[in-house]
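Worksheet: the structure to be examined is printed underneath.
The values are calculated or read from the model by the stated rules, or taken from the named source; none is laboratory data. Being a predicted model, the structure only gives us computed values, none of them experimental. Positions of Cβ are generated from backbone atoms using ideal geometry, with glycine treated the same way; all protein chains shown enter the neighbour counts. When the accessible area is computed, the model is the full protein with side chains, heavy atoms only, and any ligands, DNA or RNA have been set aside. Shrake-Rupley method; radii C 1.70, N 1.55, O 1.52, S 1.80 Å.
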Amino acid sequence: MEEQSSLFLGLGVVPVLIISVSLGALIALVFFSDYFRQKRSEVETISKPDEIVNHKSKKSSHNNNSRKPYSRSQLHASDKDQVKRHHPLDINTLKGHGDSVTALCFSSDGRNLATACADGIVRIFKLDDALSKSFKFLRINLPAGGQPTAVAFSDGASSVVVSSQNLSGSSLYMYGEGSANSANDGGKQQPKLPVPEIKWEHRKVHQSRAIITLSGTAASYDTADGSTVIVSCSEGTDIILWHGKSGKILGNTDTNQLKNNMATVSPNGRFIAAAAFTADVKVWEIVYSKDGSVKEVAAVMQLKGHKSAVTWLCFSPNSEQIITASKDGTIRIWNINVRYHLSEDPKTLKVFPIPLHDSKGETLHYDRLSISPDGKVLAATHDSLLQWLSVETGKVLDTADTAHDGNITGIAWAPKKIPMGPDRGMVLATAGADKKVKFWMAPA
């Protein structure tokens, strides 16, 4: 009996031992499996770091690509943009305007550029180098509710006359350099940049009509005292001559041609010429007194020869010629250095056809003109197209079919050669509805 009992107990213990060993082995297997898996991961991380980084990069790249898929047409458009940006004469772009750039002008030395923008701000850029990647600029905020429509430099590189349009009509402001402020920082006086101040203003000028162009120059003709004179042209028919520094009205005149397109003053301050609704261009002379003040603005001649309205005009650098563009499809160069007081009429020196046609073969017209400071190259625009022409022959020297992504709203040559890297050259500036100002060098 004792032997049978011992045998029975032995047989009962065996299954328990087997089950215990099996469970222990299973737990050990799970533990070591997890341990070796972690070790394997660590080894892979140490031995193949580049592979894992590359994998992450590929994944990130894949995610970026999935966010910005490019179709064939989009890539083609991008290629076109690259071509536009890299026109051989396109040398730089001023960005940062918040809306359409409505006008621009250079200072007399060409080292400053003023822009008027529909965001209500006038900016004066300092052009130390036309090829620079960034430009310092002075910011002028117009009174609330007004949009600048035109700008012209007055006396000095930081003094500008700005026309502003709002619901109550047109206003004219002259901003000049204000007094320099100082900030107290730990007992040390740190100078700040002068804040532009309004030196004079006129509200509801031109019978509240919009001012479409402003043109200014330092008068040097005859007995003129060198003061800056400003010509403002309304969308109506009236034109006003202002003293740039004081804001005094020096004279006014009227085209009596239903609607003005633009008006400008000659570089020497002698003549005012206007393009208006009709084919004839009226020219006035600013007569100066012996003391240098303006005596009167007298009508002296008309340029007759175009068959349709003149859209734009500009004076030659020596103030002896006028170049006009008309809807009749021609450009004319006129000699105005004549003895008009002896009834000698201005003469047409040259007539060139405008080399632009629409899809139907009809001749188009130029919207704006500007002549280079050496008098040899004429820049002309139509919508977003920009062309350079030889003043001597009328031949097209170069064309930028899409100079801006929108209509060109302003065009001006720097009056003198300005720095372009290690060299100096003639620079053309254009403004556009695309919120950009572009710099172009003169064609060879």
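List of remarks:
- Selection count, segment 428-444, where residues are buried (at least 20 other Cβ atoms within 10 Å of the Cβ), under 24 Å from residue 148 (Cα atoms) and of a type in the set (A, V, I, L, M): 4
- Qualifying positions in segment 410-427 - under 27 Å from residue 118 (Cα atoms) and either open to solvent by 40 Å² or more (accessible area, probe 1.4 Å) or in contact with a Ser or Thr (Cβ under 6 Å, 6 or more places away or on another chain) (or both): 411, 412, 413, 415
- Being assigned to a strand (DSSP E or B) and more than 12 Å from residue 150 (Cβ to Cβ) holds for only one residue in 217, 213, 223, and it is 217.
- Subset of segment 286-299 [in contact with an Asp or Glu (Cβ under 9 Å, 6 or more places away or on another chain) and surrounded by 18 or more Cβ atoms within 10 Å (Cβ to Cβ)]: 286, 288, 297
- Close pairs from segment 244-257: first over 23 Å from residue 159 (Cβ atoms) and assigned to a strand (DSSP E or B), partner open to solvent by 80 Å² or more (accessible area, probe 1.4 Å) and of a type outside the set (Asp, Glu), Cβ under 9 Å, at least 6 apart: 253/299
- Looking across segment 379-395, the residues that are under 22 Å from residue 334 (Cβ atoms) and either surrounded by fewer than 16 Cβ atoms within 10 Å (Cβ to Cβ) or acidic (Asp, Glu) (or both) come down to 390, 392, 393, 395.
- Selection status of residue 278, part of a strand (DSSP E or B), of a type in the set (S, T, N, Q) and open to solvent by less than 60 Å² (accessible area, probe 1.4 Å): no
- Test result for residue 272, surrounded by 20 or more Cβ atoms within 10 Å (Cβ to Cβ) and over 31 Å from the mean Cα position of the chain (by Cα): no
- Residue that is most open to solvent (accessible area, probe 1.4 Å) [pool: residues in segment 305-321 that are in contact with a Pro (Cβ under 8 Å, 6 or more places away or on another chain) and of a type in the set (S, T, N, Q)]: 318
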